[in-house]
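The values are calculated or read from the model by the stated rules, or taken from the named source; none is laboratory data. Quantities reported herein were computed from a predicted structural model and do not represent experimental measurements. Note that we place each Cβ from the backbone using ideal geometry, even for glycine, and neighbour counts take in every protein chain shown. Accessible surface areas use protein heavy atoms only, side chains included; no ligands, DNA or RNA. Shrake-Rupley method; radii C 1.70, N 1.55, O 1.52, S 1.80 Å.
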Amino acid sequence: MPTITIFKDDLESLLTSDRGAGRGITMAQLEEWLMLVKGELKGHNPETGELRIELQDSNRPDLWSCEGIARQIRIKQEGRLKPYSFFENKPKAPHHLTVKPGMEQVRPYVAACTARGFRVTEKGLAQLIQTQEKLADIFGRKRKTVSIGIYQLPRIAFPITYELVKPDEVRFTPLGMETVMTLSEILMVHPKGLEYGHILAVKSLLPILRDAKNQPLSFPPIINSREIGEVRAGDDELFVEVTGTDLPMVILSLNIFAANLADRGATIEPVEIQYPTSTTLGKRVKTPHDLGKPKTIRIKAIEQALGQELGETVVKQALEAYGYGVSAEKGSVKATVPPYRHDLMHIMDVVEDVAMSRGYAEFTPVMPVQFTVGGLSAIERLSDRSRELMVGLGFQEIISNILGSPDQYSKFMRLDGTEWGRTVEVDNVMSLSFSCLRQWVLPSLLRIEAASSRAFYPHRLFEAGDVAIPDGTHELGSRTETVLGALIAHATTHFSEIHSSLDVLFYYLGKEYSLEPMQHPSFLEGRAGRILVSGKPVGVIGEVHPEVLERWQIAMPVVAFDVNLSQLATLG
Amino acid sequence: MDIFTVIDSLHPLEIKVLTTLGAAPPGTALSSEQLAAAAELEPSQLSMAVEWLLAKSLIAIQTETVTPIVSLTKIGEEYYLTASPLERVLAAAREATGTGTRLTIPDLQAQGGLDPSDVSKAVGRLKKEGALLIIQGGCIETTGRQSPTAEAIRTLLAEMHDSPKELKSFTGVHRQVIEDFAVKRGNAKEPFRVDERVARSFILSTDGASAAKQLLKQGVAEEVSQVTPDLLKDGSWRQKRFRKYTISLRPPRIGTGKKHPYREFLDTVKTKLVSMGFLEMRGALVETEFWDMDALFMPQFHPARDIHDVYFVKEPSHTTAADEPFLSRVAKVHENGAETGSTGWGYSFDVHRAKRLVLRSQGTAVSARTLAASPNIPGKYFSIARCFRYDQVDATHATDFFQVEGIVLGEDINFRTLLGLLNLFAHEVAQAKEVKFVPAYFPFTEPSVELHVRHPHLGWIELGGAGLFRSEVTLPLGVTVPVIAWGLGLDRMAMVALGVHDIRELFTDNLELIRTTRGLF
């Protein structure tokens, strides 16, 4: 989730209000307040006042800016949100933007507004751009569903048109370039064209925003015009537009931008969008637009979820102090989120806001009292018992990564192309070293042996852990099973030494077993056996083949066994 | 030191020497040979015992004489079997003179068996004695005269073969030849060696005399190094003396059977959870996106479901399981909330995507499957599940790691009992007395909370995350009571307990490190 950079003095001035929190916030106070926004302080530079804050809630893009953080804190201090007048859906919008037919096939929705009276500073501009980027990148899924443009208002003549044009029909100088380019040139040459061009599936007709004098504002979602769409420090009249594929998300993004600019002192004027056909909000949509629908929630439901009696008044106060519009009636509250939020899916979302508004510290922990019996799974019990026995037999336990390489698990083991050598492989490989799951444990032990020739001998190693065995008959394509592997390495080790260990292990596990000679590429022929319990194979034992040792660069004889505990559990 | 302490510290060889000396009339000096014979010791045993006793000042040297002894070197023994270079050169020259063949020094040097420098030295000696002549062209001829040196060497070799002699027993020419042909510094290739044999005689010191007296008085118990079954069987240990060991030395290292410290740490956590009434759940390493994410109400467009965050399985790519009725129900909840009271995410759910196989990316997948499998109500469950993330491996990120997490189901579950449970974890798992609950965000819980605790050694740390499962998660899986979902982040605690600073060291391949790490839990 986004991490943003803001400045302490900026935050302080945004917090200053009639009730006046304001200057000289301590870090402890700040961390306390950040709980209201699920923010975590990741860094602080006391000299520049720079703060790095991670915002956890991916459903609250309104909090991904200094203005948003300050707003949530301010509401808590003032007890309620001062409503923004420009969200009222009544007054007529002074400006117009027309959407031409065909846009519904490409990037159907747009929202826009103007902001006057806030003079942009260098720092303020950086904050504006940060908000624009975080919204488009994370909330807007890398501009796919939402992208945002900011312009110098005085250069624009209303009404604006949003339409499709042929790739070579329109040309303008894009941001970051010196020369005039056609839309297709931008797609082929401009860094943003190369980065975001794929969003426009159809390249024969491309979206453009132009004003009444036919000047291009922007080629959404790629790049703005340099003449109109480059905001500089000192500008105090701005035009903001959002285009995208999801109407509520487009409107929400604009709402957030409008609220942020208003908090910095700008006067917001709405723009009326005229669609060729009706949208879910009608044919004419005034933006910014309040999407909020009141949710009626029984006080009892809130109290039950929180485990605490609160009563109507407390719930109402808590929600108002978190920005909601609230009316209480007959054991229920009717709550509406402010227009810069659109994250209520379920009443539990409101419940959490009540808890956060009051502060989690206000709730006394209570122990769950219902009685339950604890215990381990049967396979874990068998695994633990085996581990105890192996330790008693003088073996050192090992713990390994499960994700490894085909070299380790198959090739070094001489299992390439055999049934034993099959593994669950990763499709999107990042590194060959981590590209498949182990299908047995012995390679994990040889990994240690190969790296530990300096550790004094003898080496007795074991690991009990999960493996994934490919199995076409299983619904997941593989079985996850628990396997116990063990090895002995020293100059004079031989088959009967590991056989003795296996014999003792199986005796105490209460499993009757027999060995059947087998040919297994990882072991010396004539010194390898299949371990059978009730006639079913549960593992292998033998002297590790010298060629295997050579491939691992191990210069010490090794004997080993590998027992499938999951299968053993079902037998004998 | 008192005399008994001295006696206790004596090695059996020392006792033999002391008692031998003590048995002779007081003041008698005995030579090494006499001592060895009387005490029945090998020369090497005697010399060890004598050195120890001298070091303890229990005996003193009465006389010391140095006798030069001559013996054959390895080369000398070879000459004895073949012939000395002098004789061989002389024989070759005689043969050449007899047959009229020209023989030069290089010819001789080219013949096998003799070192060029030996040839030069032999020719020089023979020429000096007049037994050889070097004529024009560097040819060698015999004069018919004998070489006294060659004869002396032959006699000496025969005389000293296998029996060294005192140097003073030789006189005249023989003595001179020995000195000329003896090993000296810078010339090791000679047939004779002169060694100095030191002959010493010893007497008891005052302390030694009283120790010997005491030893003779108490009778010598035979000293043995070990208690053996035979000694125990016939009770003869009573007559034995057990030599004392120097026990302050470091012992030899042994390889021991031992649990891995990280597993041991996880075992303690497991035991704690069972003691708190939690049942263990198990799951598969390979999961479907459905159980790993969809069932947890993570929308299919969620950034954490990206190809850069999850490992996808190559073959087969999709499950054959229908996972009904859950799949249809979850799909509807994602789309419009269905009967959960939720609006849903409002997008079109891709059923095929839900069947995609991945490497389990979170332990909550195990909890989701448990919810769908008619869990106990009330019920508490945990799992310690291996999970995989598509991360670059570094000091804080491993490709696969353990997640400790679980669920609690019950009618009495609410936000405050959630906090109560976390309090319990803080006390039991981290021995923390101070806790802080911080609002958090997880896609599948609401409300969500992070548990911060003041760890006795680490200060404030984030111990875990938890929340109440959303109805969008529980209802489609058939669970109608509230459910706590919790997870503990224990890697940092484990690393501190194990004294490692790199998460990769938890899975180290360094056996020496594994053997020597002592977990402090």
Check your understanding: In Å and whole numbers, how far do the C-alpha atoms of chain A stretch along each principal axis, longest first?
Key -> 93, 65, 51
Review point. By how many nm would the segment from residue B:250 to residue B:394 lengthen if fully extended, with 0.36 nm per residue of separation less the alpha-carbon distance?
Key: 48.0 nm
Review point. For region B:103-194, which trypsin sites (Lys or Arg not before Pro) are in a loop by DSSP, counting at most 16 other Cβ atoms within 10 Å?
Key: B:145, B:185, B:189
Check your understanding: What are the chymotrypsin sites (Phe, Trp or Tyr not before Pro) within region B:270-314 that DSSP puts in a loop, where the Cβ has at most 15 other Cβ atoms within 10 Å?
Key -> B:301
Study note, to complete from the structure: Quick calc: nm separation of the 7 Å Cα→Cβ label points for residue B:40 and residue A:330 -> 11.9
Exercise for review: Compute the whole-percent fraction of alpha carbon pairs in region A:44-132 spaced more than 21 Å apart.
Suggested key: 57
Check your understanding: Taking the Cα centre of each part, how many Å lie between region A:388-454 and region B:378-402?
Key -> 19
**Study point:** Residue pairs, from the table A:42/B:270; A:536/B:259; A:38/B:433; A:76/A:316; A:134/A:334, whose Cα atoms sit over 21 Å apart
**Key:** A:42/B:270; A:536/B:259; A:38/B:433; A:134/A:334
Study note, to complete from the structure: Whole-Å distance linking the alpha carbon centroid of region B:478-494 with that of region B:157-202 is 91
Practice item. Taking the Cα centre of chain A as origin, sum charge times position over the Cβ atoms of Lys and Arg (+1) and Asp and Glu (-1), and report the length of that vector in debye to the nearest 20. Key: 1680
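Nearest 5 is fine: what % of DSSP beta bridges in the protein assembly as shown come out antiparallel, could you say? Walk me through the numbers before you get to the answer.
Values: 160 of 177 bridges.
Antiparallel bridges make up about 90 percent of those DSSP assigns within the protein assembly as shown.
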Review point. Roughly speaking, to the nearest percent, how much of region A:378-569's 1.4 Å accessible area is carbon and sulfur?
Key: 49
Check your understanding: What residues of region A:142-164 lie in the reach of a label at residue A:195, counting those whose backbone N is under 17 Å from a point 7 Å from the Cα along Cα→Cβ?
Key -> A:142-150
Revision key, fill the gap. Counting only backbone N atoms under 16 Å from a point 7 Å out along Cα-to-Cβ of residue B:67, the residues of region B:187-218 in range are B:194-202
Check your understanding: Given C-alpha coordinates of region B:1-135, what is the ratio Rg to Rh with the Kirkwood estimate of Rh?
Key -> 1.40
Exercise for review: Could you give me the percent of Cα pairs per 5 Å distance bin for region A:378-569, shortest bin first, beginning at zero and ending with the bin that holds the maximum distance?
Suggested key: 1, 8, 17, 22, 22, 17, 10, 3, 1, 0
Point to revise | Rounded to 10°, Cα long-axis angle of helix A:311-320 versus longest principal axis of chain A | key: 70
Study note, to complete from the structure: Cα-based Rg then Dmax for region B:262-516, in Å, read 18.4, 59
Review point. Once the Cα atoms of helix A:378-392 and of chain A are each reduced to a long axis, what angle between those two axes, in degrees from 0 to 90 to the nearest 10, is obtained?
Key: 50
Check your understanding: What does a probe at residue A:343 reach in region B:467-497, counting residues whose amide N is under 19 Å from the point 7 Å along Cα→Cβ?
Key -> B:467-473
Revision key, fill the gap. The longest stretch of chain A containing none of the GluC sites (Glu not before Pro) that sit in a DSSP loop with at most 10 other Cβ atoms within 10 Å is A:310-572
Exercise for review: Find the Rg to Rh ratio for the protein assembly as shown, where Rh is the Kirkwood radius over alpha-carbon pairs and Rg uses the same atoms.
Suggested key: 1.22
Practice item. Go ahead and run the numbers for FRET between residue A:168 and residue A:362, Cβ-Cβ distance against an R0 of 51 Å, rounding to 0.05. Key: 0.20
Point to revise | chain B - Debye-derived log10 I(q)/I(0), Cα point model, q = 0.06, 0.08, 0.13 Å⁻¹ | key: -0.66, -0.71, -1.18
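Stick to Cα atoms and the Kirkwood definition of Rh, then tell me Rg/Rh for region A:98-159.
Taking Rh as the inverse mean 1/r over Cα pairs, Rg/Rh reads 1.02.
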Exercise for review: Could you check the simple spin-label distance between residue A:123 and residue A:175, using points 7 Å along Cα→Cβ, in nm with one decimal?
Suggested key: 2.2
**Study point:** For region B:379-511, diffusion coefficient by Stokes-Einstein and Kirkwood Rh (Cα), 20 °C, 1.002 mPa s, µm²/s
**Key:** 134
Practice item. Principal axes first, then extents: for the Cα atoms of region A:3-78, list largest minus smallest coordinate on each axis, whole Å, largest first. Key: 31, 29, 18
**Study point:** residue A:100/residue B:496 FRET efficiency (R0 56 Å; Cβ-Cβ; nearest 0.05)
**Key:** 0.30
Review point. Angle between the Cα long axis of helix A:247-263 and the longest principal axis of chain A, 0 to 90 degrees, nearest 10?
Key: 60
Point to revise | Under 15 Å from the Cα of residue A:411 - aspartates and glutamates, other chains or at least 8 residues apart | key: A:419, A:425, A:547, A:550
Check your understanding: How high is the FRET efficiency from residue A:496 to residue B:431, r the C-beta distance, R0 45 Å, rounded to 0.05?
Key -> 0.40
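What is the sum of charges, Lys and Arg at +1 and Asp and Glu at -1, for the other residues whose Cβ falls under 13 Å from the Cβ of residue A:116? Intermediate results must be reported in sequence, preceding the final value.
Details: positive: A:119, A:264; negative: A:235, A:236, A:237, A:269.
Computed value for this residue: -2.
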Review point. Quick one: of the DSSP bridges fully inside chain A, what percent are antiparallel, nearest 5?
Key: 90
Practice item. Please give, to one decimal in nm, the separation of the simple spin-label points placed at residue A:188 and residue A:158, each 7 Å out from Cα toward the Cβ. Key: 3.9
Exercise for review: Would you list, by chain and number, the lysines whose Cα falls below 21 Å from the Cα of residue A:283, excluding same-chain residues fewer than 8 positions away?
Suggested key: A:90, A:92, A:100, A:293
Review point. Rolling a 1.4 angstrom probe over the protein heavy atoms, how many square angstrom per residue are accessible across chain B?
Key: 48
